[in-house]
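The values are calculated or read from the model by the stated rules, or taken from the named source; none is laboratory data. If you're wondering where the values come from, they're calculated on a predicted model, not measured in any experiment. With ideal geometry, Cβ positions are generated from the backbone for all residues, glycine too; neighbour counts draw on all protein chains shown. Ligands, DNA and RNA are excluded from the accessible area calculation, which covers all protein heavy atoms including side chains. Shrake-Rupley method; radii C 1.70, N 1.55, O 1.52, S 1.80 Å.
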Amino acid sequence: MSNDVLPTNGQGSPGVAAPPARRRPSNIWLIIVAGLFIVVPFLTWYFTWFGRNLSEQDLATYLADEKNPRHIQHALLQIEQRIESGDQSARKFYPQIVASSKSAHAEIRKTSAWVMGQDNKSDEFHRALIDLMKDEDPLVRRNAALQLVRFNDETGRPELRAMLQPFEAKTPIAGSVVSLLPIGSAVRAGAMLARIRDSSDNVAEFRSPVDGIVAALAVKEGDLVQSGQTISSINPDRATLLNALEALAYVGTKDDLPLIESSTELDASAQVSEQSALTAKTIRARSQ
């Protein structure tokens, strides 16, 4: 018989040994992961937010960062604010702004055109805007035309007239039409208009170059199309009509009156009707 003595419960009777205390798991990794879910989105937003103020060095660095178009746009918008406030320190960046108007990215060229219109005393901006009237992107040309009005320059008048007319969307892709955005669809620049299957059986997306409303289709699903062929006709949206009408009030001629007055056929809203009438009245008064 064993001589081992069982532990007692304090009252002289055998008891059961208490199990060793279990260590509570550490919450440090949960806290770190939760913090990352908060910090990472915030930092992403903060460093891509165009409202964040940039230092002089940051502006110069961002303007030269062709690999990151958002950096260039951020810097351009910050400089625009300086120009509008009369801050002469913005002039040191003018050569870089002109250089950005030759960027490979259409969004940057469009933004730089808008910024250059804020100083209508700058000859270098004036020349750069005239050069942008030959740009392949219609939104770049439109921004340049609108800003040239600030220089009392009517060079952009043909583009302003085009803004009051349907835009012929021509595909750069040849192949078979897989799908089409239907008539009546509102589109923004960059929205998909059609899917086209090329000779290698790859399906590519053809996107709208402008904002507006699909007014007519020149092809149907299953049709074979060639590069440069019109896919659809896009009527200008209200903002485009209003911008063009306001600009033509300054540089329009009597020859533009029929087109100006017909703008209400594309948009019968009170805004467009009022601006159309005002622009026509201004041109007639100037012509006299």
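Observations
- Candidate residues Asp131, Asp153: accessible-area rank, largest first, probe 1.4 Å: Asp131, Asp153
- Here the calculated FRET efficiency for Ser273 and Ile130, from their Cβ-Cβ distance with R0 = 30 Å, stands at 0.35, rounded to the nearest 0.05.
- The rule of thumb for compact globular proteins, 2.2 N^0.38 Å, goes into the C-alpha radius of gyration of segment 144-272 1.20 times.
- Cα gyration tensor shape for segment 217-270, rounded if a/c is under 1.5, else prolate or oblate: prolate
- Three-way shape label, segment 61-163, alpha-carbon gyration tensor, a/c 1.5: oblate
- Gain on full stretching of the segment that runs from Lys121 to Ala60 - 0.36 nm per residue minus C-alpha separation: 19.7 nm
- Taking the protein heavy atoms of segment 135-266 in the context of the full set of protein chains, the accessible area attributed to carbon and sulfur is 47 percent at 1.4 Å.
- Cβ-Cβ FRET estimate between Asn68 and Gln288, R0 fixed at 41 Å, reported to 0.05: 0.20
- What the pair-distance distribution of segment 55-107 shows, using all Cα-Cα distances binned every 5 Å from zero, is 4, 22, 35, 25, 11, 3, 0 percent.
- FRET E, pair Gln88, Asn53, Förster distance 22 Å, beta-carbon r, rounded to 0.05: 0.75
- Extending 7 Å from Cα along the Cβ direction at Lys220 and again at Val178 yields two label points whose distance is 2.1 nm.
- Solvent-accessible heavy-atom area per residue, rounded to whole Å², over segment 152-223 at 1.4 Å: 51
- Amide hydrogen neighbours beyond the local backbone of Ser232, cut-off 5 Å, H modeled: Ala169, Ala218
- Segment 232-272-segment 131-149 distance, computed between alpha-carbon centres (Å): 17
- Net charge of neighbours whose Cβ lies under 15 Å from the Cβ of Asp223, counting Lys and Arg as +1 and Asp and Glu as -1: +2
- Length gained when the stretch Ala99-Arg188 is fully extended (0.36 nm per residue, less Cα-Cα span): 29.3 nm
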